[in-house]
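Visitor: Starting off with a structure, shown below.
The values are calculated or read from the model by the stated rules, or taken from the named source; none is laboratory data. This one's a predicted model, so the numbers in the text were calculated from it and none came from an experiment. Every residue, glycine as well, gets a Cβ built from its backbone with ideal geometry; the counts of neighbours run over all protein chains shown. Side chains are part of the model used for accessible areas, which takes the heavy atoms of the whole protein and leaves out ligands, DNA and RNA. Shrake-Rupley method; radii C 1.70, N 1.55, O 1.52, S 1.80 Å.
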Amino acid sequence: MQSTTIRRAVAQDAEHLTALIQASGAYRGEYASIISGYQVTASYLARHRVFVAIDAADHPLGFYALVLDPPELDLAFVSDDVQGVGVGRLLIEHMIRQAGEAGLTEVRVVAHPPAERFYLRLGAERVGTVAPSPPKISWERPELRFTIAGRGAAERPAVTATR
């Protein structure tokens, strides 16, 4: 069994995280336009709280980006190869702890429609719908919110899992 750990993303991760986004099966077909040409840059990684789930060989399995002001989960991707084994759950639980440590009371998520159920299972609540913004986004997206509990999250142990 291989372990998964989560660490802060660094500038050298930008290219790998971009590749992970571009390879995402969830964004093929009608949803392809939203990631067309999208790149994670070193400056993006420096400006936001971006964390990457890695395997024992430091290979990225997934990542998320938490924007603090205004509080929003800006990006969350898991490699198609490891979906369904808990990497996404680890990342979102980690994001919730990071949000708590930053003093946030809630985090907005404008979800990819097929990912809505995933976020709801992890405790988000639907608060609305975001209208399309053509030409890149021609569909409505669910607007969700994670309510962040007190600062006790800082006292929890590091996130680790096996797969």
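Visitor: When both residues are 6+ apart or on different chains and their Cβ atoms are under 6 Å apart, which pairs have a first residue that lies in the range 83-107 and is closer than 15 Å to LEU120 by Cα, and a second that is part of a strand (DSSP E or B) and open to solvent by 40 Å² or more (accessible area, probe 1.4 Å)?
Guide: Filtered contacts from the range 83-107: GLU106/ARG145; GLU106/THR147; VAL107/PRO71.
Visitor: Only one of ALA99, ALA57, ALA115 is assigned to a loop (DSSP other than H, G, I, E, B) and aliphatic (A, V, I, L, M); which?
Guide: Only one candidate passes the filter, namely ALA57.
Visitor: Could you tell me whether any residue of the range 20-41 is assigned to a helix (DSSP H, G or I) and more than 23 Å from ALA115 (Cα to Cα)?
Guide: No: zero hits.
Visitor: When you go through VAL50, VAL67 one by one, which is the residue that is over 24 Å from ARG117 (Cβ atoms), of a type in the set (A, V, I, L, M) and modelled with pLDDT of 95 or more?
Guide: Details: VAL67 fails: over 24 Å from ARG117 (Cβ atoms).
It is VAL50.
Visitor: In the range 88-146, how many are under 16 Å from the mean Cα position of the chain (by Cα) and of a type in the set (Val, Ile, Thr)?
Guide: So the count comes out to 5.
Visitor: Quickly run through the range 62-116 and pick out the residues that are open to solvent by 10 Å² or more (accessible area, probe 1.4 Å) and among the aromatic types (Phe, Trp, Tyr).
Guide: Of everything in the range 62-116, just one residue is open to solvent by 10 Å² or more (accessible area, probe 1.4 Å) and among the aromatic types (Phe, Trp, Tyr), namely PHE77.
Visitor: Return a yes/no flag: does the range 8-29 have any residue that is modelled with pLDDT under 95, of a type in the set (A, V, I, L, M), in contact with a helix residue (DSSP H, G or I) (Cβ under 8 Å, 6 or more places away or on another chain) and surrounded by 15 or more Cβ atoms within 10 Å (Cβ to Cβ).
Guide: For the range 8-29, residues modelled with pLDDT under 95, of a type in the set (A, V, I, L, M), in contact with a helix residue (DSSP H, G or I) (Cβ under 8 Å, 6 or more places away or on another chain) and surrounded by 15 or more Cβ atoms within 10 Å (Cβ to Cβ): present.
Visitor: Is there any pair with a first residue in the range 110-137 that is within 21 Å of GLY37 (Cβ to Cβ) and a second that is modelled with pLDDT under 95 and of a type in the set (Ser, Thr, Tyr) whose Cβ atoms are under 6 Å apart and which are 6 or more apart or on different chains, and what are they?
Guide: That search, which allows pairs on different chains as well, returns PRO132/SER138; LYS136/SER33.
Visitor: Could I ask something else about it? Just need a number here: residues in the range 12-51 that are touching a residue at least 40 places away in the same chain (Cβ under 8 Å) and out of contact with any strand residue (DSSP E or B) (no Cβ under 8 Å at 6 or more places or on another chain).
Guide: 7
Visitor: Then there's this: If ILE54 satisfies all but one of (1) closer than 19 Å to LEU66 by Cβ; (2) open to solvent by less than 70 Å² (accessible area, probe 1.4 Å); (3) without any contact (Cβ under 8 Å) to a residue 24 or more places away in the chain, what's the number of the condition it fails?
Guide: Against the list (1) closer than 19 Å to LEU66 by Cβ; (2) open to solvent by less than 70 Å² (accessible area, probe 1.4 Å); (3) without any contact (Cβ under 8 Å) to a residue 24 or more places away in the chain, ILE54 comes up short only on (3).
Visitor: Tell me, please, whether a residue that is more than 27 Å from THR147 (Cβ to Cβ), outside any loop (DSSP other than H, G, I, E, B) and not hydroxyl-bearing (Ser, Thr, Tyr) can be found in the range 73-80.
Guide: Scanning the range 73-80 turns up at least one residue that is more than 27 Å from THR147 (Cβ to Cβ), outside any loop (DSSP other than H, G, I, E, B) and not hydroxyl-bearing (Ser, Thr, Tyr).
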